[in-house]
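The values are calculated or read from the model by the stated rules, or taken from the named source; none is laboratory data. These figures come from a predicted structure and were not determined experimentally. We place every Cβ from the backbone using ideal geometry, glycine too, and count neighbours over all the protein chains shown. The area values use the complete protein model at the heavy-atom level, side chains included, leaving out ligands, DNA and RNA. Shrake-Rupley method; radii C 1.70, N 1.55, O 1.52, S 1.80 Å.
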Amino acid sequence: MSSFWAREKTALYLSATMAGMFALGGIVWGLWVNSLMILFDGAYSLVSLVLSLLSVYAARVVRRPANQRFPFGRAAIEPLVITVKGLTIALVSLLSIALALHALLTGGRVVETGMAMLFAAISAVACVVVWGYLRWVQVRTPGGLVSAERRQWLMDTLLSAAVLAGFGLAVLLERTAFSEYAVYADPVMVVLVAGYFIGVPLKMTLEAVRELVLAAPPAELRARVITALNEAAVPARQARYTKVGPYLLLEIRLPARDMRRAERLRIRLYRLLADLPVRPVVVIHTEGRKAERVVEAGP
């Protein structure tokens, strides 16, 4: 389990470091070539840096054991952080769209397209490398924080590719009879790209909010739990479950006459749920008795 957290921590630190480099490079390069699109890329990377550092902190806090102040642990911190990340990225996208629309209405922007294409090409290659590494980590270390980071870098990869294609079209446009319209290429790209990608952070936020309000888990996870309950001979009406951060919370109510079965059932459920991408926490209640059993999986 320690290697699990170590791999996640390394991935989050790498994401934060690369986001910092892209933020500095994007802002400086964008000011140099007078590109609103590259400035948006840099601003997005700057926000990603802050959010990645927040993810690193959250990854450490979420794993702390329960105590008197937090009797149920800190699992909810993970979806809370993802909610903040999604809303922040959506806000940056909306602000960028507003600035781009202003530029369109005020005559466009003259951009050094050749240097802008160079930055976009470097950015696209680097983003693919980071996204690929995070995808490799997520396969071996399933978790909401790494998944959120991977989605951020996927957005950045597609963003850089779109910028590269857009500036390529602007270069071609400058060599035609419609060269005067090339000044609109930069803000148009911002509107199209930011408008398209705003759905990703909103979806991310919606999924995280569902966890915070203890909604039903995703369909795939729900199906796995139902299969485990069927194999353990537990009727669906006696169980309820949800996913919060890296944990699956499973509560089962048994008739008082089945009290002796509770321990065997607990062990069997942990075995059936051992290969899930989240850590199960089983709570068994017996109706008609004061006894209550709450057991967590070991580290």
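Each Lys and Arg Cβ is given +1 and each Asp and Glu Cβ -1; about its Cα centre, segment 145-207 then shows a dipole of about 180 debye.
Counting only protein chain heavy atoms and rolling a 1.4 Å probe, the accessible areas of His102, His285 rank, largest first, as His102, His285. Between the residues Ala219, Val244, Asn230, the greatest Cα displacement towards the positive end of the dipole of segment 142-267, with unit charges on the Cβ of Lys, Arg, Asp and Glu, is found for Asn230. Loop sites only, by DSSP: take the chymotrypsin sites (Phe, Trp or Tyr not before Pro) in the chain that have at most 15 other C-beta atoms within 10 Å and name the longest stretch containing none of them. The reported range is 179-299. Taking the protein heavy atoms of the chain in the context of the full set of protein chains, the accessible area attributed to carbon and sulfur is 66 percent at 1.4 Å. Using the Cα gyration tensor of segment 81-217, with a ≥ b ≥ c the square roots of its eigenvalues, what is the shape: rounded (a/c below 1.5), prolate (a/b larger than b/c) or oblate (neither)? Judged from the Cα gyration tensor, segment 81-217 comes out oblate (a/c at least 1.5, b/c at or above a/b).
Phi-derived couplings, Karplus 6.51 cos²θ - 1.76 cosθ + 1.60 at θ = phi - 60°, listed residue by residue for segment 227-235: 4, 5, 5, 5, 5, 8, 6, 10, x Hz, with x used for Gly and Pro. Taking trypsin sites (Lys or Arg not before Pro) as exposed when their DSSP state is a loop state and no more than 10 other Cβ atoms lie within 10 Å, the longest site-free interval of the chain runs over 70-174. Each residue of segment 203-208 was assigned a 3J(HN,Hα) from its phi angle through the Karplus expression (A = 6.51, B = -1.76, C = 1.60, θ = phi - 60°), giving 5, 4, 5, 4, 5, 5 Hz with x at Gly and Pro. Across segment 18-34, computed HN-Hα scalar couplings (Karplus, 6.51 cos²θ - 1.76 cosθ + 1.60, θ = phi - 60°) run 5, 4, x, 5, 5, 4, 5, x, x, 5, 5, 5, x, 5, 5, 9, 6 Hz from first to last residue, x flagging Gly and Pro. Simple rule: put +1 on each Lys or Arg Cβ and -1 on each Asp or Glu Cβ in the chain, find the dipole, and look at Pro277, Leu80, Leu206; the Cα lying farthest toward the positive end is Pro277.
The residues of the chain present an accessible area of 52 Å² per residue when probed at 1.4 Å with all protein chains retained. In the list [x] 35, 21, 16; [y] 28, 24, 19; [z] 49, 17, 15, the label attached to semi-axes √(5λ) of the Cα gyration tensor in Å as derived from the coordinates here is [z].
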